[in-house]
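K.L.:
Submitted below is the structure of interest, expressed as structure tokens.
Throughout, read-outs are computed from the coordinates displayed, never taken from laboratory work. What you see is a predicted model, and the numbers here were worked out from it, not measured in a lab. We place every Cβ from the backbone using ideal geometry, glycine too, and count neighbours over all the protein chains shown.
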Amino acid sequence: MLRDFLEASIRALVDDQQAVQIREERNGSLLRYTIQVAEGDRGRVIGKQGRIVNALRTVAQAAGAKNRLRVQVIILTDSGPADTGAEDAE
């Protein structure tokens with residue numbers, strides 16, 4: 001359900017929807033979503049000062065907390081991880 005939410009949200013933001021890939025990894029109580037987008041869509045997903053990606057992270061963490069999971073959302077582009085200057089809260 002959370003993966004579907006993230007996928008729909010990201011696809012609504014980007015121009016190149018075919019480049020969107022979401023990988024879900026679970027390790028104990030940690031649930032990590034690695035989202036890959038095209039280089040040209042990086043700014044759209046991050047938003048000004050990281051506001052969009054931070055909002056997605058907040059919703060994901062709230063949904064995870066309901067199930068006692070720690071959730072991380074990582075945005076990747078062709079050139080590597082997108083640094084928003086914000087770390088995920090634990």
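K.L.:
Please figure out what share of the DSSP beta bridges in segment 2-81 is antiparallel and state it in percent, rounded to the nearest 5.
P.N.:
55 percent
K.L.:
Can you give me the distance in nm between label points at ASN27 and ARG68, each placed 7 Å from the Cα along the Cα-to-Cβ direction?
P.N.:
Reported label-point gap for ASN27 and ARG68 is 2.1 nm.
K.L.:
Could you work out which residue, out of GLY43, GLY64, GLY28, moves most in a Gaussian network model of the chain, that is, has the largest mean-square fluctuation with Cα springs under 10 Å?
P.N.:
Greatest mean-square fluctuation among the candidates belongs to GLY28.
K.L.:
Another one. Can you tell me the orientation of helix 2-13 relative to the chain, as the angle in degrees between its alpha-carbon axis and the longest Cα principal axis, to the nearest 10?
P.N.:
20 degrees
K.L.:
In terms of the Cα gyration tensor, with a ≥ b ≥ c the square roots of its eigenvalues, is the chain rounded because a/c is under 1.5, prolate because a/b exceeds b/c, or oblate?
P.N.:
Judged from the Cα gyration tensor, the chain comes out prolate (a/c at least 1.5, a/b above b/c).
K.L.:
Counting other beta carbons within 10 Å of each Cβ, put LEU56, LEU30 in order, fewest first.
P.N.:
LEU30, LEU56
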